[in-house]
Amino acid sequence: MRIVAERDRCIGAGNCVMTAPEVFDQDDDGLVAPLVDEADPVDPASLAAARRAVERCPATALRAVED
């Protein structure tokens, strides 16, 4: 699974960072800053947390793309 973050939709709630800090961070403006490249798959150990983060994003700024 890969993660796609639409930063223009992000409202800076931080749910992704609280749910999957190994996959997401926030930049100086508080917007989502994925720690994994969009082209790279999420580490298998982080898959469940990454999926929860996508589900919990109030702005629907995150998408999980299954490979």
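Quick notes on this structure:
- Between 0 and 90°, nearest 10: helix 47-56 axis offset from the chain longest Cα axis: 30 degrees
- Calculated accessible area for the chain comes out at 59 Å² per residue, all protein chains present (probe 1.4 Å; ligands, DNA, RNA ignored).
- Sequence ranges 44-53, 16-25, ranked by mean other-Cβ count within 10 angstrom, highest first: 16-25, 44-53
- Using a simple spin-label model with pseudo-atoms 7 Å out from Cα toward Cβ, Ala33 and Met18 lie 2.0 nm apart.
- Amide H within-cut-off set for Gln26, under 5 Å, with H built and near neighbours excluded: Ala33
- Portion, in percent, of the accessible area of the chain that falls on carbon or sulfur, probe 1.4 Å: 47 percent
- Virtual paramagnetic centre 7 Å along Cα→Cβ of Ala59, amide N under 13 Å, in the stretch 8-23: 8-17
The values are calculated or read from the model by the stated rules, or taken from the named source; none is laboratory data. Predicted model, so just to flag it, every value in this text is computed and none were measured. Cβ coordinates were reconstructed from backbone atoms using ideal geometry, including for glycine residues, and neighbour counts include every protein chain displayed. SASA here: full protein model, heavy atoms, side chains in, ligands and nucleic acids out. Shrake-Rupley method; radii C 1.70, N 1.55, O 1.52, S 1.80 Å.
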